[in-house]
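Working notes, structure below.
The values are calculated or read from the model by the stated rules, or taken from the named source; none is laboratory data. It should be emphasised that the depicted structure is a prediction, and the values quoted were computed from it without experimental measurement. Glycine also receives a Cβ, built like all others from the backbone with ideal geometry; neighbour counts cover every protein chain displayed.
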Amino acid sequence: MQGRIIRGIGGFYYVYVSGKGILECKAKGVFRKNKLKPLVGDFVEVSLLSEEGKGNIDQVLERKNELIRPAVANIDQALVIFSMTGPEPNLNLLDRFLIMMRQKEIPGILVFNKCDLVGEEQRERLRSVYEKSGCKILFVSAKKQQGIREIKELLEKKTTTVAGPSGVGKSSLINLLQSSVNMETGSISEKIQRGKHTTRHAEFIFMGEDTYILDTPGFSSLAVFDMEKEELEQYYPEFEEYKENCRFHGCSHTHEPGCRIKEAVEEGNINKERYYNYLLIYEELKNKKKY
Ligand SMILES: Nc1nc2c(ncn2[C@@H]2O[C@H](COP(=O)(O)OP(=O)(O)OP(=O)(O)O)[C@@H](O)[C@H]2O)c(=O)[nH]1
Ligand SMILES: [Mg+2]
Ligand SMILES: [Zn+2]
């Protein structure tokens with residue numbers, strides 16, 4: 001019997017099986033077979049146990065893709081969500097999310113939430129930083145319910161994960177996208193005075209026929225990637241039209257004379273902040289320990 005993991009908490013996996021509903025499963029033996037730790041989003045082979053509603057995951061089926069942060073598998077696209085303020089967007093972290101998605105070949109859509117808290121200039125500033133980054137950019141407000149329909153249209157018939165730091169409004173947006181769920185969000189907990197309701201586990205939310213969105217925990221760092229420093233440039237679409245014209249073959253675009261990328265930055269054709277974060281990430285990859 002096949003199903004899909006929609007939630008995983010404390011060693012239990014909740015597997016949705018069409019026609020059967022949700023089974024509470026363990027994953028005994030699955031590590032030995034294909035050495036995979038099951039992830040939310042995995043398609044799995046399950047067997048029923050005698051106790052009602054319980055099962056065992058016997059096998060994880062082949063993945064189309066997987067992410068480690070957030071830990072999800074078989075994703076069609078990602079909404080990379082940051083807030084305009086509270087917290088301020090950390091563009092170095094944002095760029096890391098975009099690089100990670102490109103590396104995994106998962107189309108990323110950049111969503112800036114909490115637009116109700118800032119003015120037009122701040123929006124335009126971010127638009128200019130990311131206009132050549134190759135991803136669609138949306139400016140929304142969960143609070144004012146602005147831009148929600150635009151997001152909804154992008155989700156049709158896809159499995160979409162949200163990704164981003166904590167507190168940017170991922171769960172708040174998901175609440176609006178699917179009015180029948182009510183994920184715990186900060187605002188609800190504020191009312192009942194129990195501290196923040198931070199999302200702790202990745203979780204599937206059913207939005208319609210073949211349409212799912214995954215709420216995921218936020219995190220505030222993304223360490224160096226599994227890549228060589230020379231690969232980094234390929235994750236910057238705005239470098240594409242210039243990099244063939246650098247004076248030196250294999251130019252790292254960090255210090256070389258005759259670097260077209262650096263010139264394009266000076267000319268204002270490549271955004272400075274994007275470029276500075278490229279330099280920082282390049283340096284980090286360069287200093288990465290080799291194992
Ligand atoms: N002003 C404003 N506040 C918002 C908006 N969206 C969310 N918030 C508030 O931001 C706080 C965090 O929202 P959550 O939806 O819990 O954020 P999250 O991204 O799910 O956070 P984690 O689960 O910790 O990763 C709550 O207090 C929300 O009410 C918005 O558009 N405008
Ligand atoms: Mg949340
Ligand atoms: Zn160069």
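Would you confirm, using the coordinates I've provided, whether Ala27 is under 28 Å from Leu177 (Cβ atoms), crowded, with 19+ Cβ neighbours inside 10 Å and of a type outside the set (Phe, Trp, Tyr)? For Ala27, the condition - under 28 Å from Leu177 (Cβ atoms), crowded, with 19+ Cβ neighbours inside 10 Å and of a type outside the set (Phe, Trp, Tyr) - is not met.
Just to be sure, is Arg96 outside the structural domain of Val162 (by TED's automatic domain parsing), of a type in the set (D, E, K, R) and in a helix (DSSP H, G or I)? When the stated conditions are applied, Arg96 does not pass them. Residues of the range 31-38 include none that is of a type in the set (Phe, Trp, Tyr) and closer than 30 Å to Ile109 by Cα. Pairing residues of the range 252-279 that are outside the structural domain of Pro89 (by TED's automatic domain parsing) with residues that are more than 16 Å from ligand 2 (Cβ to nearest atom) and of a type in the set (Gly, Ala, Ser), at Cβ distances under 8 Å and at least 6 apart in sequence or on separate chains, gives Ile270/Ala264; Asn271/Ser128; Arg274/Ser133.
Select from the range 259-276 the residues that are more than 14 Å from ligand 3 (Cβ to nearest atom) and of a type outside the set (Asp, Glu) and write down the one among them that is farthest from the chain's Cα centre (by Cα). The qualifying residue farthest from the chain's Cα centre (by Cα) is Gly268. Residues that are in the same structural domain as Ile174 (by TED's automatic domain parsing), surrounded by 14 or more Cβ atoms within 10 Å (Cβ to Cβ), in a loop (DSSP other than H, G, I, E, B) and hydrophobic (A, V, I, L, M, F, W, C): does the range 197-210 have at least one? Yes.
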